[in-house]
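Enquirer: Below is one structure. I have some questions about it.
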Amino acid sequence: MTESILENLKLILQRIENACFESNRNPSEVRLLLATKTVSSENIKVALEAGQTLIAENKVQEVKEKYESLKSIPHESHFIGNLQSNKIKDLLKCEISCIQSLDRLDLAQKLHQRLLYEKKTMEVLIQVNTSNEESKFGVHPDQAIEFIKAVSQLETLKIKGLMTIGLFSAETEKVRMCFQLLKNIQQKVISLHIPNVLMKELSMGMSGDLETAIEEGSTIVRVGTAIFGQRIHPDSYYWNEDHK
Ligand SMILES: *Cc1c(COP(=O)(O)O)cnc(C)c1O
C-alpha cells in the first residue's frame, strides 16, 4: 500500500506539473489537496511524511476519528463535505483552517454564532453547483453573488474564494464549462469589490479532471482516488446528508 501511495503521488504531482506547463502557469500556484475520505490515518501519514501538507475530509465523524493520530505531523486540514449545523461544535475542535463547502445561509449564520462565542474566525470557500446536478451541493450559480454578499456581513467568516465539483462526464468540454463558470463568478465578484471578500482561491479539479481545471485557473486540486485507490462507496454516499 505504502509503495502505491508514493508512486501515485509522484504521478499526480507530475500531472499537475504537466498541466501547469501546458497552460503556462507556475506549479507553485496550484496546491494539491488530499481528499482522504475512507482513507486510514496510517495511509494518510504516508502521504504527509512524503511532504504533502493539505488534507480534507467530507464527514465530521471522520475528521474526529483521525484527528488525534495525525496531530503530531504538521499539516493543514480543510473540510469539503456537506456540514450539518449540529456538527459545527465538533468540527471546530479539530483545527480545521478552511471550510470549502459553505453553501447555505443558515449554516453560515450558525457557524458565525459559534465562532463569535469561541472568539475565532474561519476561512471559507463558497461552493457553487456549476454542473446543475441535483445530487450535488452548492449554491446555484445565479444566486452565488447574493449569497457571497450575505456571508460577507458575517465578520468571523473570511471568504477566500470558490469551490466546485465539475460535471462527471467523459466530455472534457462540458466539464470545462463548469470550471469556466466558476472562474466567471470569481471575476464578477472581484469587480464588485465586496468588503471582507477575497477571491484568491478556485478549488476545482479532482482525479479525473484536474488538467482541465488547471487550464481554467484552479489554485487547489482535490485528489482522492488517484492517490489512495478506489473507495467502496460511490461519491453520492459521502455527499448525501442522509448517510451519517
Ligand atoms: C472525494 C472528493 C474529491 C476527490 O475525488 P476523487 O475523484 O477521488 O479524486 C474532491 N472533492 C470532493 C468534494 C470530494 O468529496
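The values are calculated or read from the model by the stated rules, or taken from the named source; none is laboratory data. Nothing here was measured: the structure is a model prediction, and the numbers come from that model. Cβ placement follows ideal geometry from the backbone for every residue including glycine, while neighbour counts extend to all protein chains displayed. In case anyone asks, the SASA skips ligands and DNA or RNA and just uses the protein heavy atoms, side chains included. Shrake-Rupley method; radii C 1.70, N 1.55, O 1.52, S 1.80 Å.
Enquirer: Roughly how many Å² of LEU198 are accessible to a 1.4 Å probe, to the nearest 10?
Expert: LEU198 has an accessible surface of roughly 90 Å² with all protein chains in place.
Enquirer: Given a cut-off of under 8 Å on Cα pairs at least six residues apart, what relative contact order in percent is computed for the chain?
Expert: Result for the chain is 21 percent.
Enquirer: Continuing with this model, one more query. What list of whole percents do you get for P(r) of the chain, with Cα-Cα distances grouped in 10 Å bins up to the one holding the largest distance?
Expert: The calculated distribution, bin by bin, is 7, 33, 39, 19, 2.
Enquirer: I've got another one for you. To two decimal places, what compactness ratio does segment 99-194 give when its Cα radius of gyration is scaled by 2.2 N^0.38 Å?
Expert: Relative to the rule-of-thumb radius for its length, segment 99-194 sits at 1.13.
Enquirer: Could you tally the net charge around VAL46, taking each other residue with its Cβ under 12 Å from the Cβ of VAL46, Lys/Arg +1 and Asp/Glu -1?
Expert: Computed value for this residue: -3.
Enquirer: Let me ask another. I need the calculated FRET efficiency for the pair ALA50 and SER28, taking r as the beta carbon distance and R₀ as 25 Å, to the nearest 0.05.
Expert: 0.85
Enquirer: Also: Rounded to whole Hz and in sequence order, give me ³J(HN,Hα) for segment 12-25 from the Karplus expression 6.51 cos²θ - 1.76 cosθ + 1.60, θ = phi - 60°, writing x for Gly and Pro.
Expert: The phi angles translate into 5, 4, 5, 4, 4, 4, 4, 5, 5, 4, 4, 10, 6, 10 Hz.
Enquirer: Under a cut-off of 25 Å between alpha-carbon atoms, report the lysines in cross-link reach of LYS120, not counting same-chain residues fewer than 8 places apart.
Expert: Of all the lysines, those that pass the test against LYS120 - Cα under 25 Å, at least 8 places apart if same chain - are LYS59, LYS64, LYS66, LYS71, LYS87, LYS89, LYS93, LYS110, LYS149, LYS158, LYS160, LYS200.
Enquirer: Let me ask another. Which net charge results when you count Lys and Arg as +1 and Asp and Glu as -1 among the other residues whose beta-carbon is under 13 Å from that of LEU125?
Expert: +2
Enquirer: Here is a further query. Tell me, what % of the accessible area of the chain is carbon and sulfur with a 1.4 angstrom probe?
Expert: 50 percent
Enquirer: GLU171 accessible area, nearest 10 Å², 1.4 Å probe?
Expert: Counting only protein heavy atoms, GLU171 exposes about 100 Å² to solvent.
Enquirer: For segment 2-230, report the accessible area per residue in Å² (1.4 Å probe, heavy atoms, rounded to an integer).
Expert: 47 Å²
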